[in-house]
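A.B. asks: Take this structure, written in structure tokens, and hold onto it; I'll ask about it next.
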Amino acid sequence: MRKYVMDRRQFLRYLAYGGIFTVSQPLLSACRPLLSEQTATEFHGDPDVEIRLTAKPDVQQIFTGSPTEIWRYQGEVLKGPSDTLISLPGSYLGPTISVKPGTQLRVYFANELPEQSIVHWHGLHVPDHADGHPRLAVGSGETYVYNYRVMDRAGTYWYHPHPHGRTGPQVYLGLAGLFLIHDDEEASLDLPAGEKDLPIVIQDRIFDRTNQLDYNRSGMMSQMLGMLGDEILVNGLPDAKITVDRGAYRLRLMNGSNARIYKLAWDDGTPLHVIGTDGGLLERPLVRDYVTLAPAQRLDVWVDFGAWEPGTNLQMVNLPSAAPGGGSEFPIFTASIQDTVRQAASLPERLTRHEVLDSAQAVNANAPRVFTLEMGRGMRWTINGRQFDMKDVARDERVQLGDIEVWEFFNQGSAGMGMGMGMMSQPHPMHVHGLQFKVVERRIDAGEERAYQSLKDGFVDEGWHDTILVMPGERVRILMHFKDFSGLYLYHCHILEHEDMGMMRNYQVITP
Ligand code: C2O
Ligand code: CU
Ligand code: CU
């Protein structure tokens, strides 16, 4: 039997939909959450930049014919430079946020969706109350206030929803945006900037015959592999074509897909110059014939389009690999090179200095914490045999504030499974909240090399990362420094269907 008891959330939703006339004023204020309940101010004084991000249902013309029903973040600058927010033209994606390190940022997140949500700042080092943990989700009609100081290096970060069990569908419907940090060191390098600094957010989707997004994760395939689409969108546009001058560009490649792993290359075989990763610029540029980009990962690539003849239509393609759905080659976007004067282009040999973080400094350098990734009973993805629980933190998920540690993610792959269980052997892009880490080493189990081999030459393990691909049968060790903030954070697989199904856990940073 159904009980008609309204909890606070339903009550607020009720208010948001006009029920306000039936309640008296004192009751209303008693039920509205106080600002201080939801946020603790991490900086003193006034914020430098204040923005409002409203998540709401909307429509977007993506194809000819019917517009597509989407969900979007709409932004508004309340205080600070007006170019703090820049919209991508014709896109369902949220505005690109640009700030400098040291900025005291306040964000009002207004949830006008028909369900609960919360915003996570992917890659940023922020206090736990600003990290967007699902326990902080607010209901329809509610607002969450973030206050934090931007502490990260110049780089390409992003934001997306993180409500319990609903991250996949919410991102799929369009909720995501870029978060760029620019600093003086980066400016001194004279890298391509302004119109020559291009975001390339890659997403795959399935649309039905009426151009509507079709999110169906109940199927066995999407539970195993995650949601794979057959339409590639770049910055929210299908068949993306970018018109470029004959000069140097910075392409901020970002995999905003729910599940697809890309193997990206220029169609004529020209190598890629990688200058940055999840956590900002590399010490020096690297060259790769192709790059592997797992969900949530970013890679900054420098390219001199002056090296091609005017009129060339250069394609970035996805090369075939053993990644799920990666069987054939398909285009990502076309760069159409204009007939302009060739501009001088030079890539600095040294980009930035990195803070030294050596695995010898780790408190557990010889005995890393091991997190085993496997398919558990009831066809559920697990981490050390566990699934997500809103509050649970196991003993091996507690770390001390100030410590440097090595963690090992071990993807069980097909070990211990019978024949024909190949679907249970999946790559997992593992993400740790609240920090950037270094990759220490990778090891692949004998007999599991095939999928690994098809992607490994595109790995960029140098630099700082917040998400790392762990192939079936692979052990990847990462090095982390748990500094500045104690509290509750998350680590999880960034295949959003795996995450929503419970392949996520809390970790807690404890003050010694
Ligand atoms: Cu980008 Cu917990 O996520
Ligand atoms: Cu994150
Ligand atoms: Cu996974």
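A.B. asks: Looking at (1) touching a residue at least 24 places away in the same chain (Cβ under 8 Å); (2) surrounded by fewer than 21 Cβ atoms within 10 Å (Cβ to Cβ); (3) touching a strand residue (DSSP E or B) at 6+ places or on another chain (Cβ under 8 Å), which one does W121 not meet, given that it meets all the others?
C.D. replies: (2)
A.B. asks: Of the numbered conditions (1) within 23 Å of P320 (Cβ to Cβ); (2) in contact with a Ser or Thr (Cβ under 9 Å, 6 or more places away or on another chain); (3) surrounded by fewer than 18 Cβ atoms within 10 Å (Cβ to Cβ), Q453 satisfies every one except a single condition; which is it?
C.D. replies: Q453 satisfies all of (1) within 23 Å of P320 (Cβ to Cβ); (2) in contact with a Ser or Thr (Cβ under 9 Å, 6 or more places away or on another chain); (3) surrounded by fewer than 18 Cβ atoms within 10 Å (Cβ to Cβ) except (2).
A.B. asks: Could you look through segment 143-164, keep only residues that are in a loop (DSSP other than H, G, I, E, B) and closer than 28 Å to P67 by Cβ, and pick out the one that is farthest from ligand 1 (Cβ to nearest atom)?
C.D. replies: Across segment 143-164, the extreme among qualifying residues is P163.
A.B. asks: Tell me, please, whether a residue that is outside any strand (DSSP E or B), outside the structural domain of G132 (by TED's automatic domain parsing) and among the aliphatic types (A, V, I, L, M) can be found in segment 472-494.
C.D. replies: no
A.B. asks: While we're looking at this one, here's another question. Out of curiosity, is R380 under 27 Å from H433 (Cα atoms), touching a residue at least 60 places away in the same chain (Cβ under 8 Å) and among the charged types (D, E, K, R)?
C.D. replies: For R380, the condition - under 27 Å from H433 (Cα atoms), touching a residue at least 60 places away in the same chain (Cβ under 8 Å) and among the charged types (D, E, K, R) - is met.
A.B. asks: Continuing with the same structure: Would you mind finding the one in L455, L490 that is closer than 30 Å to T352 by Cα, of a type outside the set (G, A, S) and within 16 Å of ligand 2 (Cβ to nearest atom)?
C.D. replies: Checking each option against the conditions leaves just L490.
A.B. asks: Separate question: Out of L28, L113, L78, L12, which single residue is at pLDDT 50 or above and either outside any strand (DSSP E or B) or open to solvent by less than 30 Å² (accessible area, probe 1.4 Å) (or both)?
C.D. replies: Only one candidate qualifies: L113.
A.B. asks: Go through segment 81-99 residue by residue and tally those that are surrounded by 15 or more Cβ atoms within 10 Å (Cβ to Cβ) and either over 29 Å from I232 (Cβ atoms) or in contact (Cβ under 8 Å) with a residue 60 or more places away in the chain (or both).
C.D. replies: Going through segment 81-99 one residue at a time, the tally reaches 11.
A.B. asks: Which of the strands (runs of 3 or more DSSP E) contained wholly in segment 190-255 include at least 1 residues that are in contact with a helix residue (DSSP H, G or I) (Cβ under 9 Å, 6 or more places away or on another chain)?
C.D. replies: 197-205, 241-244, 248-255
The values are calculated or read from the model by the stated rules, or taken from the named source; none is laboratory data. All values derive from a computational prediction rather than experimental measurement. With ideal geometry, Cβ positions are generated from the backbone for all residues, glycine too; neighbour counts draw on all protein chains shown. Quick note on the areas: whole protein, heavy atoms, side chains included, nothing else; ligands and nucleic acids left out. Shrake-Rupley method; radii C 1.70, N 1.55, O 1.52, S 1.80 Å.
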